[in-house]
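Asks: Below: one structure in structure tokens.
Each value in this text was obtained by applying a stated rule to the coordinates, not by laboratory testing. As the structure is a prediction and not an experimental result, all values here were calculated from the model. Positions of Cβ are generated from backbone atoms using ideal geometry, with glycine treated the same way; all protein chains shown enter the neighbour counts.
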Amino acid sequence: MVRLKKKPSAEEVRGIAASRIRTLMMLAEKVFLEDRNLAQRYADLAKAIGAKSKVRLPRALRRRICRYCGAYLWPGVNCRVRLRVNREPHIALTCLSCKRQMRIYYKRSRKRQTE
Ligand SMILES: [Zn+2]
């Protein structure tokens with residue numbers, strides 16, 4: 001068999017994957033309010049493409065997908081967002097479909113490191 005196209009380089013693959021992830025997550029956001037299943041499908045695809053191509057989801061998008069069950073999260077609809085200050089200030093993001101929490105630390109104190 002004659003190969004007509006050369007195999008894309010790892011960088012090309014990553015570039016394509018990153019743009020597809022962005023597009024899928026954008027689409028998920030667009031359709032969520034009308035069709036949650038479709039939004040979930042887009043999020044699953046974005047996650048799968050990221051895993052296959054070893055592209056990490058950008059931070060803002062990573063927070064839109066439950067780390068544990070992969071649900072597409074929409075604050076106030078299927079996830080709860082609370083600010084907590086016990087131990088260290090963080091955002092507690094609770095996924096309401098699996099009830100597990102993701103913590104996002106903010107204001108990492110320099111004091112704690114020197115103490
Ligand atoms: Zn979950």
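Asks: Residue 87 to residue 29: FRET efficiency via 1/(1 + (r/R0)^6), r the Cβ-Cβ distance, R0 25 Å, to the nearest 0.05?
Replies: The computed FRET efficiency comes out at 0.20.
Asks: What Cys residues in the chain are without a partner cysteine, judged by a Cβ distance under 4.7 Å?
Replies: Within the chain, the cysteines lacking a partner Cβ under 4.7 Å are 79.
Asks: For residue 98, what charge total do you get from the other residues with a beta carbon under 14 Å from its beta carbon, if Lys and Arg give +1 and Asp and Glu give -1?
Replies: +4
Asks: What's the lysine pair count for the chain at a Cα cut-off below 24 Å, pairs eight or more apart or interchain?
Replies: Close lysine pairs under the 24 Å cut-off: 9.
Asks: What angle, in degrees between 0 and 90 and rounded to the nearest 10, separates the Cα long axis of helix 10-31 from the longest principal axis of the Cα atoms of the chain?
Replies: 60
Asks: Can I ask one more? With a cut-off of at most 11 other beta carbons within 10 Å, and DSSP calling the residue loop, which GluC sites (Glu not before Pro) in segment 12-68 qualify? Please list them.
Replies: Passing both the DSSP loop test and the Cβ count: 34.
Asks: Which chymotrypsin sites (Phe, Trp or Tyr not before Pro) from segment 39-115 combine a DSSP loop assignment with at most 11 other Cβ atoms within 10 Å?
Replies: Listed in order of number, the matching sites are 106.
Asks: Turning to a different aspect of this structure: Modelled label-to-label distance, residue 51 and residue 7, 7 Å Cα→beta-carbon offset: nm?
Replies: Modelled inter-label distance: 2.3 nm.
Asks: In addition: So what's Rg/Rh here for the chain, counting alpha carbon atoms and using the Kirkwood radius for Rh?
Replies: Using Cα coordinates only, the ratio equals 1.11.
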